[in-house]
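Only one structure is covered here, and it is reproduced in the block below.
The values are calculated or read from the model by the stated rules, or taken from the named source; none is laboratory data. Computed from a predicted structure; not experimentally measured. Glycine also receives a Cβ, built like all others from the backbone with ideal geometry; neighbour counts cover every protein chain displayed.
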């Protein structure tokens, strides 16, 4: 077992080294693919943390994507702050907003939570498209990001991608993670044993919001243009849901595999985005019907194979 | 006081009439939520699908869109039956989330299918009704299409209410919704009943789709907008009563148009959303829920 674990560790290090050195040996196309993969991975990993581990099906992740992007725009354009600082502020504002809406939103359960979070994002969308300061529906052109090189954005994306996996990994191995798994297995029993359900779920919600805000800052370095209708659109969450379900909801590896498949399919059908969404939707439905644990969840169940185990051995 | 009332008579009348349309938009979702315990996230897209079906029917028979109800309702019923029988029934009893996500996937598939077939252009079901207004006394003009929406919605809901109280199928659906186990013991095949309920709900989506298409422009991606309206109606009205759903529609319609009146037209949707969030927070069972 010890031997296997160290071999797995070397494998992970090798893959990470390969990705870090990618700009030196791969073509620009593949750098772009990995860049998009990392961003999608980071965002879907945060949705997975909510839906897969905390049982909170949120359809409002786009609220934090929009907030992160707009914060980057406002602080870097209007105040001339450094880009890295603006991205961090985006994370902080996302956490504060999540904290603010948590009081009403956590009174809602299950489906009510799903629609409640979605409605909050819709409210933001309308507010931002009627707000002169952020350029109404026209949005903002994030000019300062224009000066960054493609490789800088690649490394930023890779960093948030790896960070998101590590965040989920360490959460799951912490006291919070043990609490979450106890809640998932048996909510009432875990509460009688002293797990603070509200606190556990709230912490996850805040972490997910903050990370999503930061990732979105990096995302809009790449997109360079932010508009309320796309930034606060449900399309983001649609993508995260499909990625996570196909890859395997409630597994760390699921969003990794799912994001890779998503980006490949999306690039392959880049001229027909509606066809690729159609295919993804059909795959997602078949996965829920046939193998509800997704690709990685099914492999884990059948073969007991895990790259990153949340359990302490 | 009188001058305020005079100023508000337009948004109030239009809000109530629009509320009737919202009632028929929400009624199918309310039925499925109450009977199958499922939030059909594809409900808005079913409505828009019906708008497009009516559009297609009108290219074959150039008639008033209201007449296409004869074709659209049965087609929608069949589609609803298939969705429930072949997809959703297979996943019932495995928790709340899988059916929710299947409906979500279905919604995206429908949107993109419509986009592929009909292109992203704005469409509308053109009739002579759309532009006419009728004077009410000499101080108020009502858009005729809003009045037609309201009447069709009211008649449909009244017919549904009769169906649920008088027919065997209606009673069986209510029984399956009240207590699935007991209904099965009484010889009711609840899964088939669920499929019929979804067929019925999709039929109401068909009516809603034609009314929506006559009243507003629609695109392949407008479904989610009506989904949130439907959800708002269901939440405000509460589960379990058709009348409550109708009242929920009226409240939402009023809230939207009064919000637009006071804050500006950009905020029409916003005030509806805020009402929804407030009710969700303080009384998620709805204002008119039974029990």
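Among the residues making up segment B:239-272, a single one is surrounded by 24 or more Cβ atoms within 10 Å (Cβ to Cβ) and either outside any helix (DSSP H, G or I) or free of Cβ contacts under 8 Å to residues at least 60 places away in the same chain (or both): B:272. Look at segment A:280-305: where a residue is within 15 Å of residue A:259 (Cα to Cα), no partner that is exposed (fewer than 13 other Cβ atoms within 10 Å of the Cβ) and at pLDDT 90 or above sits 6+ places away or on another chain with Cβ atoms under 9 Å.
Yes/no matrix, rows are residues, columns are (1) in contact (Cβ under 8 Å) with a residue 60 or more places away in the chain; (2) part of a helix (DSSP H, G or I):
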| residue | (1), (2) |
| --- | --- |
| B:80 | yes, yes |
| B:86 | no, yes |
| B:95 | no, no |
| B:98 | no, yes |
| B:101 | no, yes |
| B:106 | yes, yes |
| B:121 | yes, no |
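If you go through segment A:263-291 and keep only what is part of a helix (DSSP H, G or I) and away from chain B (no Cβ under 13 Å), you end up with A:263, A:264, A:265, A:266, A:267, A:268. Go through the residues of segment B:58-65 one by one and say whether even a single one is in contact with a helix residue (DSSP H, G or I) (Cβ under 7 Å, 6 or more places away or on another chain), crowded, with 22+ Cβ neighbours inside 10 Å and either in a helix (DSSP H, G or I) or touching a residue at least 24 places away in the same chain (Cβ under 8 Å) (or both). Looking through segment B:58-65, at least one residue is in contact with a helix residue (DSSP H, G or I) (Cβ under 7 Å, 6 or more places away or on another chain), crowded, with 22+ Cβ neighbours inside 10 Å and either in a helix (DSSP H, G or I) or touching a residue at least 24 places away in the same chain (Cβ under 8 Å) (or both). The condition (being within 14 Å of chain B (Cβ to nearest Cβ) and not in a helix (DSSP H, G or I)) is satisfied by just one residue among A:194, A:137, A:233: A:233.
As for segment A:154-166, it holds no residue that is under 25 Å from residue B:100 (Cβ atoms) and without any contact (Cβ under 8 Å) to a residue 60 or more places away in the chain. Does residue A:99 count as surrounded by 24 or more Cβ atoms within 10 Å (Cβ to Cβ), out of contact with any strand residue (DSSP E or B) (no Cβ under 9 Å at 6 or more places or on another chain), closer than 30 Å to residue A:196 by Cα and touching a residue at least 60 places away in the same chain (Cβ under 8 Å)? Here the answer is no, as residue A:99 does not meet what is asked. Checked against the criteria, residue A:153 does not count as under 25 Å from residue A:240 (Cα atoms), within 14 Å of chain B (Cβ to nearest Cβ) and either modelled with pLDDT of 95 or more or buried (at least 19 other Cβ atoms within 10 Å of the Cβ) (or both). Among the residues of segment B:130-150, those that are touching a residue at least 24 places away in the same chain (Cβ under 8 Å) and within 21 Å of the chain's Cα centre (by Cα) comprise B:130, B:143, B:145, B:146, B:147, B:148, B:149, B:150.
From the list A:60, A:110, A:55, exactly one residue is surrounded by 19 or more Cβ atoms within 10 Å (Cβ to Cβ), within 14 Å of chain B (Cβ to nearest Cβ) and over 16 Å from residue A:231 (Cα atoms). Which is it? Even if it seems obvious, please write down each step before you answer.
Working: A:60 fails: over 16 Å from residue A:231 (Cα atoms); A:110 fails: surrounded by 19 or more Cβ atoms within 10 Å (Cβ to Cβ).
Within the list A:60, A:110, A:55, the selection yields A:55.
How many residues are more than 13 Å from chain A (Cβ to nearest Cβ) and either under 21 Å from residue A:124 (Cα atoms) or part of a helix (DSSP H, G or I) (or both) if we restrict to segment B:273-290? The qualifying residues number 0. State which residue is nearest to the other protein chains (Cβ to nearest Cβ) when the search covers only segment A:292-303 and only residues that are more than 20 Å from the chain's Cα centre (by Cα) and buried (at least 16 other Cβ atoms within 10 Å of the Cβ). If we take residues in segment A:292-303 being more than 20 Å from the chain's Cα centre (by Cα) and buried (at least 16 other Cβ atoms within 10 Å of the Cβ), then A:292 is nearest to the other protein chains (Cβ to nearest Cβ). Screening residue B:80 on (1) more than 9 Å from chain A (Cβ to nearest Cβ); (2) surrounded by fewer than 20 Cβ atoms within 10 Å (Cβ to Cβ) shows it passes everything except condition (2).
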